[in-house]
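Take a look at the structure set out below.
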Amino acid sequence: MLKTITVTQNLELLGKYRYVEIQMMELMGSWAYTIVEPEIKIGFGRQMYQDAVHADMLGKRLPELKGRSEHFHYIAPSDAFVKLLEKIWRAEDTLRRMVALYRVMKPALVAAYEHHLEHAELPADEPTAYILRNILAEENDHGEWGENIINTLIISPDLSRVSEKRSADILSAGRMPALRNEVLPSQLAAQWQQELENDLRDAGGIRGEDKTPGTISFKKTHPYSKRPSRDSRWKIIENDAEFTEKNWSFDNDDGKRRLLHDLLNSEFITVERMGRVLADFPEIPWQMKMDMAHQAWDEARHAEIVQRRLEELGGHVGMFRTSCFGWEQDVNRPDPLERLALSNMTFESESCKHLRDWIVKAKKAGDTRSVQLLEFLLADEVNHVLYGTHWVDELTKNDPERRKRVLAYPEKVLTEHHPVGVKFEETTYERA
Ligand SMILES: [Fe+2]
Ligand SMILES: [Fe+2]
């Protein structure tokens, strides 16, 4: 007879799976802004949310199994496992990062879920099996997506060798760096995979077999960031003062292309800054993380939608110069609420006003395709403003000093930097 998993064993295993799902989400969040390839940013935006949902489903099963204490919700499989995660987090190039996530960690997670399902006490523990089957199906999809990306990186090695540090050079040079031909990307990927698989085995795997749960942790810290990474097609404005004219209009295709082009960059920025909130502040409330991850997913979809519409209208990425205004003032702030006050409550509130205006104009112009898409974007953006107002209200309700500082921050940025088209006195905080 197959030995089945007991209630007590379940509690510890679910806590470990939940830990790994959250760590995967934080790794993607930490890396997104340093990654050059837009399809990876979009995939990360989507999967940050899906991994958050997996962690959420596991977290809901724990109290049903009498695991009410916080301790059961987040169990590192072993100290060696934590060290392995830190090693992966420090990997600088996209190929190593992708191999670590999609050829090592996610397959190990899939194997752990399959093992659990084979040993589940059924029908007694059907609720756990139900959750794991759902997560498993999605993790398999992630694996397939990741494998495709890895294969592309191996075939086009100039992309796979781009590192966090060198991406800054790409931005200034406006081209991909030359390849250093020491090892073939396929060999590099295979060696790295082998090394991590050995480490993972020594760490006791996802289930931390024969190991005591980990007690150590590491912080995913980031250096000061001037702007996120973009591929060589983008022409990024170095000095924000040069960004003087938006020329947005719904009267002609040129004006539409200009606004969609600016919007596309903002959608990427918002995937990236949500990732940074998740990676930078692991201590924020769980529901806030769910909201931030949801927003990362929304913005990833927006990027896809906006790029498609831009191309339908004969446009392409890089056809205009682009400003990353606001990035530097957002992601370098040590208080996540200052970031939300500036970007969600101010910039996204401003963009709701623009979207409403564009919808009216697109209707007048008979551009029903744009109307359809803009209405979906607006619905999401209203929620993003609400995430900002809700979490600022909630987390400062007993801290008037912090509240004052947080709400004063956007005004400070706008007076010091005068971004085109945003005036502080016009900015109203949206409420439901
Ligand atoms: Fe958006
Ligand atoms: Fe948004």
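The values are calculated or read from the model by the stated rules, or taken from the named source; none is laboratory data. Note that the structure is predicted; figures quoted are calculated from it, not measured. Using ideal geometry, Cβ is built from the backbone for each residue, glycine included, and neighbour counts are taken over all protein chains shown. SASA here: full protein model, heavy atoms, side chains in, ligands and nucleic acids out. Shrake-Rupley method; radii C 1.70, N 1.55, O 1.52, S 1.80 Å.
Less than 20 Å from a label point 7 Å out along the Cα-to-Cβ axis of ALA137: which backbone N atoms in the range 45-77 qualify, by residue? Hits in the range 45-77 for ALA137 at 20 Å: 46-61.
Per-residue ellipticity at 222 nm from helix content only, as computed over the chain with -39500 (n - 2.57) for each DSSP H run of at least four residues, stands at -21000 deg cm²/dmol. Under the criterion of Cα pairs below 8 Å and six or more residues apart, the relative contact order for the chain equals 20 percent.
In this label model, SER232 and ILE216 are separated by 4.0 nm, measuring between points 7 Å along each Cα→Cβ vector. Looking at the range 359-415, which GluC sites (Glu not before Pro) are DSSP coil and have at most 14 other C-beta atoms within 10 Å of their C-beta? Loop-located and lightly packed - none at all. Here's the picture: a label point sits 7 Å out from the Cα of ALA379 along the beta-carbon direction, and within the range 281-302 the residues with their amide nitrogen under 18 Å of it are 294-302. A crude spin-label estimate for the pair LYS66 and LEU313, with each label 7 Å from Cα along the Cβ direction, gives 6.1 nm. Once the chain from GLN372 to GLU394 is taken as fully extended at 0.36 nm per residue, the excess over their C-alpha distance is 4.5 nm. Site pair GLU401 and THR4 shows an inter-label distance of 5.6 nm when each label is modelled 7 Å from Cα along Cα→Cβ. Given R0 = 51 Å, the distance between the Cβ atoms of ARG90 and SER249 translates into a calculated FRET efficiency of 0.65. Once the 1.4 Å probe is applied to the protein heavy atoms, the range 10-103 comes out at 28 Å² accessible per residue. Under a Cβ-Cβ cut-off of 9 Å, what is the net charge of the residues other than LEU373 that fall near it, where Lys and Arg count +1 and Asp and Glu count -1? Surrounding charge for LEU373 is +2. Evaluated with a Cβ-only charge set (Lys, Arg +1; Asp, Glu -1), the chain carries a dipole of roughly 480 debye about its Cα centre, given to the nearest 20.
Holding the Cα-Cα limit at 21 Å, pick out from LYS353/LYS404; LYS83/LYS211; LYS235/LYS289; LYS41/LYS235; LYS226/LYS256; LYS16/LYS219 the pairs that are longer than that.
Too far apart for the 21 Å limit: LYS353/LYS404; LYS235/LYS289; LYS226/LYS256.
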